[in-house]
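Asker: Handing you this structure, nothing more for now.
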Amino acid sequence: MFAYVDEFGNISDTPPTQPYKFKEEDLLRPADIEEEYLYGKVSYYNEVGHYGFIRDNLSRETVYFNDKLAGMVLAVNQKVKYKYIRTKQGNQVSEIELQP
C-alpha cells in the first residue's frame, strides 16, 4: 500500500494529479532572529540576585539577563534595544543598548 501526501498535508491513496508549483517566497530562508535588534523593556529585576527579564514589545516573550551579560545595571520599566541567543536554559541576552 502506498500513501501520498499533498501540499496541504492531506494523506490519500491516489497520487496527486498536478505537481506542486513552488513560489519564490517559499524558497527563501526566513530572516535570522539573531541578526536584528529587538525592542522591549525590563519587566522584572531582582536587586539581590542581579538578574531580570526583558519583555519584547511585539511578541511579548521574555528574555533573561544579568548584570554581567548586560554590562550595566538596569531598572524596571527601562526601555532597551537588544539581541538574544537561545540556550539550554532559555532565551538569554547577548547584546543590549539603552533606549531614550
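Asker: Please give the length that would be gained between residue 83 and residue 11 if that part of the chain were fully extended, namely 0.36 nm times their separation in residues minus their C-alpha to C-alpha distance (nm, one decimal).
Answerer: Separation in residues times 0.36 nm, less the Cα-Cα distance, equals 21.8 nm.
Asker: For Rg/Rh (Cα atoms, Kirkwood Rh), pick the label among [x] 1.05; [y] 1.20; [z] 1.30 that corresponds to the value derived from the coordinates.
Answerer: [z]
Asker: Still on this structure, I have one more. Between residue 39 and residue 2, with labels modelled 7 Å along Cα→Cβ, what's the label distance in nm to one decimal, could you check?
Answerer: It is 5.4 nm.
Asker: Same structure, new question: With every protein chain present, what accessible area does residue 11 have (1.4 Å probe, heavy atoms only), rounded to the nearest 10 Å²?
Answerer: 130
Asker: Let me ask something else about it. Given charges of +1 on the Cβ of Lys and Arg and -1 on the Cβ of Asp and Glu, with all other atoms neutral, how large is the dipole of the chain about its Cα centre, in debye to the nearest 20?
Answerer: Once rounded to the nearest 20, the dipole reads 460 debye.
Asker: Count the net charge of all other residues whose Cβ sits under 14 Å from the Cβ of residue 90, scoring Lys and Arg as +1 and Asp and Glu as -1.
Answerer: Every neighbour counted, the sum reads +1.
Asker: Are any of the pairs 23/88; 41/68; 23/81 more than 25 Å apart by Cα-Cα distance, and if so, which?
Answerer: Long pairs (Cα-Cα over 25 Å): 23/88; 23/81.
The values are calculated or read from the model by the stated rules, or taken from the named source; none is laboratory data. Everything quoted here is computed from the prediction, not taken from an experiment. In this analysis, Cβ positions are derived from the backbone assuming ideal geometry, glycine residues included, and neighbour counts consider all displayed protein chains. For the accessible areas, the whole protein counts, side chains as well, though only heavy atoms, and no ligand, DNA or RNA atoms are used. Shrake-Rupley method; radii C 1.70, N 1.55, O 1.52, S 1.80 Å.
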